[in-house]
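A.B. asks: Please see the structure below; I have some questions.
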Amino acid sequence: MEEDAGVEEDAGSDAGETTSCESVSVTIANRHGHEMPVSAADVAAGVERSYEIRGAGTHPHTVVVTAAQFAMLAAGETVTVMSTRNSGHDHVITLVCG
């Protein structure tokens, strides 16, 4: 019975953790011109998506955000992902819903 109580407690706390993602803050380490626009609609859709982060950079990188990572963002968690390697380097990207 204690397990059942824990499950109910978890279910209740999950419902309370739902947050509204009105915008996504994206921080790209060592950016040198790269941009990664992630919309609140991307978070709401909650499906895996690939982004090309070329921006004003002279070379592209690809970043994949999984459905599980979008769910984490929607729950108010910070998500950190890594870009593909190109021109001898990659980038750490941090996403936060605001």
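Rule-based calculations on the coordinates, nothing more; no lab input. Computed from a predicted model, the values in this text were never measured in an experiment. Cβ: placed from backbone, ideal geometry, glycine included. Neighbour counts: every protein chain shown.
A.B. asks: Calculate, in nm to one decimal, what ARG85 and ALA40 gain on full extension: separation in residues at 0.36 nm each, minus their alpha carbon distance. Don't jump to the answer; show the numbers that get you there.
C.D. replies: Working: separation 45, 0.36 × 45 = 16.20 nm, distance 2.66 nm.
Between ARG85 and ALA40, full extension yields an extra 13.5 nm.
A.B. asks: What full-extension length gain, to one decimal in nm, is calculated for ARG54 and THR94 as 0.36 nm per residue of separation minus the Cα-Cα distance? Walk me through the intermediate numbers first.
C.D. replies: On the way: separation 40, 0.36 × 40 = 14.40 nm, distance 1.64 nm.
Stretched fully, the ARG54-THR94 segment lengthens by 12.8 nm.
A.B. asks: Could you give the semi-axes, largest first, of the ellipsoid that matches segment 19-97, computed as the square roots of 5 times the alpha carbon gyration tensor eigenvalues and rounded to whole Å?
C.D. replies: Numbers: eigenvalues 100, 25, 22 Å².
Computed over segment 19-97, the values are 22, 11, 10 Å.
A.B. asks: In whole Hz, with x marking every Gly and Pro, tabulate ³J(HN,Hα) for segment 38-55 from phi via Karplus 6.51 cos²θ - 1.76 cosθ + 1.60, θ = phi - 60°.
C.D. replies: 10, 9, 4, 5, 4, 5, 4, 5, x, 10, 4, 8, 9, 10, 9, 10, 5, x
A.B. asks: Next question, about the same structure. Once the other residues with Cβ under 11 Å from the Cβ of ASP42 are scored (Lys, Arg +1; Asp, Glu -1), what is the net sum? Could the numbers behind the result be given before it?
C.D. replies: Working: positive: ARG49; negative: GLU48.
Here the count lands on 0.
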